[in-house]
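Single-structure report; data block below.
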Amino acid sequence: MTTPQTRKTQARYRRIMRSRQTGESLRALAERHGVNQWTFYAWHRRFKEEPKVQRGAARASSGLIPVEVTPSPGPDLGALLSAPVAYEVALRQSGHVVRVPAAFDSKSLAQLVATLEIR
């Protein structure tokens, strides 16, 4: 997680880098903007815009990385929705009503209830 100070420093570094003239060294750039050269070198190492991982197709000139999406096994929603309602749970804090079929996953129900009660 980045802090507001880190984001501010990174924004300053990017503004300075956008003003860089062709062939200008990092040292000259730092001096021109009144930043200590060693501080600026540290910013450059930390914030330079280079991808950290480049493998195979990721090196394509478009910058796009191929992604394969596979469905994860989950509950059969059709069966759950067509099942007769066995329980009806009324939540006090949020006012939501949850209708639960006879065959339900108690852990998932607990997570749903917790989420609804927060809102």
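Scanning residues 5 or more positions from VAL35 or on other chains, none has an amide H under 5 Å from its amide H, with H placed 1.01 Å from N in the peptide plane. Residues in the stretch 105-113 carry Karplus couplings, in order, of 9, 5, 5, 5, 5, 4, 5, 4, 4 Hz; the curve used is 6.51 cos²θ - 1.76 cosθ + 1.60 with θ = phi - 60°, and Gly or Pro positions show x.
For the stretch 77-118, the C-alpha radius of gyration sits at 1.16 times the compact-globule guess of 2.2 N^0.38 Å, with N the residue count. In terms of other Cβ atoms within 10 Å, TYR13, TYR87 run from fewest to most in the order TYR87, TYR13.
Scaled to the globular estimate 2.2 N^0.38 Å, the Cα spread of the stretch 4-49, given as radius of gyration, is 1.05.
Coordinate-derived values only; no laboratory data. These figures come from a predicted structure and were not determined experimentally. Neighbour counts are summed over all protein chains in view; Cβ atoms, including those assigned to glycine, are modelled from backbone coordinates with ideal geometry.
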